[in-house]
Amino acid sequence: MDTPETRSVVAEFLGTLLLVFFAVGAAVLAGEYIGTFGIALSFGFTLLALAYALGPISGCHVNPAVTLGMLVAHRITVRTAVEYWIAQLLGGIVGAALLFLVAKQVPGLKTDGAFGSNGFADRSAVHINLGGAFVAEIVLTFLLVFVVLAVTHKVALVGFDGLAIGIALATVHLIGIPLTGTSVNPARSFGPALFAGGGALSQLWLFIVAPLIGGVLAALAHRLTHTPYSPLRPPADREPPADERSAL
């Protein structure tokens, strides 16, 4: 059924798929050529482009931590959050599968155990320990989600919102790549880990739990620094579904 809700869920699936394929793909396929700075820009630019392409449709969360932050901030309903989470995880898996297919066509390219996945200890470039990785992912995600909440005053992205969000994602990657490979996004971590296997899967829990905590803390901090959110009236051509009317 072609409804605004369906389009939003499809947008979250497609956006997460493209983020994983292009941004994680930059690390997997071109990392040795573009380096940490290039990978960070790939994540930032990809999200920037997606924000303008999909922001007016779904808000372009493409990240379960952002969706959780929006939920805690009372900008979306529980039902919408669950639908977004499912779409994001599926998008991350499909994006990683497409990337894996391309990577396998490159002679000599190793995918086992790495494949753009996140990690700590011996899977970290600087060998950061578990505690350090946990704190780092919380703080890095906090910045990203806080910026998203601060520059948007409704679900959809408009104007220059996407620019600030893209810059924030690039910044956290510049800092986080040497530490953990930078997750700040459980869906981005989940898909590649499935294909990397081994240590990527055994450490995956941290890159699900820590970003979600960071998203919640960002939403709580936003309540203290910004005026309460007042949802905008829905467009004249769209009556919100019953489960969203209480939020609007």
Exercise. Output the residue which, of all residues in the range 53-111 that are in contact with an Asp or Glu (Cβ under 8 Å, 6 or more places away or on another chain) and among the charged types (D, E, K, R), is farthest from Leu194 (Cα to Cα).
Key: Arg79
Quiz item: Can you name the number of the only condition in (1) in contact with a Lys or Arg (Cβ under 9 Å, 6 or more places away or on another chain); (2) closer than 16 Å to Phe190 by Cα; (3) buried (at least 18 other Cβ atoms within 10 Å of the Cβ) that Ile57 fails?
Solution: (2)
Practice problem: Taking the options Leu68, Leu109, Leu99, name whichever one is within 21 Å of Leu224 (Cα to Cα) and either touching a Gly at 6+ places or on another chain (Cβ under 8 Å) or assigned to a loop (DSSP other than H, G, I, E, B) (or both). | Solution: Leu68
Quiz item: Any idea which residue in the range 124-142 is farthest from the chain's Cα centre (by Cα), counting only those that are under 19 Å from Phe43 (Cβ atoms) and assigned to a helix (DSSP H, G or I)?
Solution: Ala133
Practice problem: Identify the residue in the range 60-80 that is under 17 Å from Ala187 (Cβ atoms) and not hydrophobic (A, V, I, L, M, F, W, C) and, among all such residues, is farthest from the chain's Cα centre (by Cα). | Solution: Thr80
Quiz item: If only one of Gly166, Gly191 is surrounded by fewer than 24 Cβ atoms within 10 Å (Cβ to Cβ), more than 16 Å from Val126 (Cβ to Cβ) and of a type in the set (Gly, Ala, Ser), which one is it?
Solution: Gly166
Quiz item: For the range 182-217, how many residues are under 30 Å from Arg75 (Cα atoms) and of a type outside the set (D, E, K, R)?
Solution: 24
Practice problem: Could you list, in sequence order, all residues of the range 106-121 that are at pLDDT below 95 and farther than 18 Å from Phe190 by Cβ? | Solution: Val106, Pro107, Gly108, Leu109, Lys110
Quiz item: Does Asn118 satisfy being within 29 Å of Ala30 (Cα to Cα) and in contact with a Lys or Arg (Cβ under 9 Å, 6 or more places away or on another chain)?
Solution: yes
Quiz item: In the range 31-48, what count of residues is obtained for those that are of a type in the set (Gly, Ala, Ser), at pLDDT 95 or above and over 14 Å from the mean Cα position of the chain (by Cα)?
Solution: 2
Quiz item: So which pairs qualify, if the first residue must be in the range 19-38 and within 16 Å of Leu98 (Cβ to Cβ), the second must be surrounded by 19 or more Cβ atoms within 10 Å (Cβ to Cβ) and among the polar types (S, T, N, Q), the Cβ gap must be under 7 Å, and the two must be at least 6 apart or on different chains?
Solution: Leu19/Thr46; Phe22/Ser42; Phe22/Thr46; Ala23/Ser42; Ala23/Thr46; Ala26/Ser42
Practice problem: Out of Leu157, Leu144, report the one residue that is surrounded by 23 or more Cβ atoms within 10 Å (Cβ to Cβ) and modelled with pLDDT under 95. | Solution: Leu157
Quiz item: Does Ser189 satisfy the criteria of being within 15 Å of Phe134 (Cα to Cα), at pLDDT 95 or above and in contact with a helix residue (DSSP H, G or I) (Cβ under 7 Å, 6 or more places away or on another chain)?
Solution: yes
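The values are calculated or read from the model by the stated rules, or taken from the named source; none is laboratory data. Being a predicted model, the structure only gives us computed values, none of them experimental. No Cβ is skipped: glycine too gets one built from the backbone with ideal geometry, and neighbour counts run over all protein chains shown.
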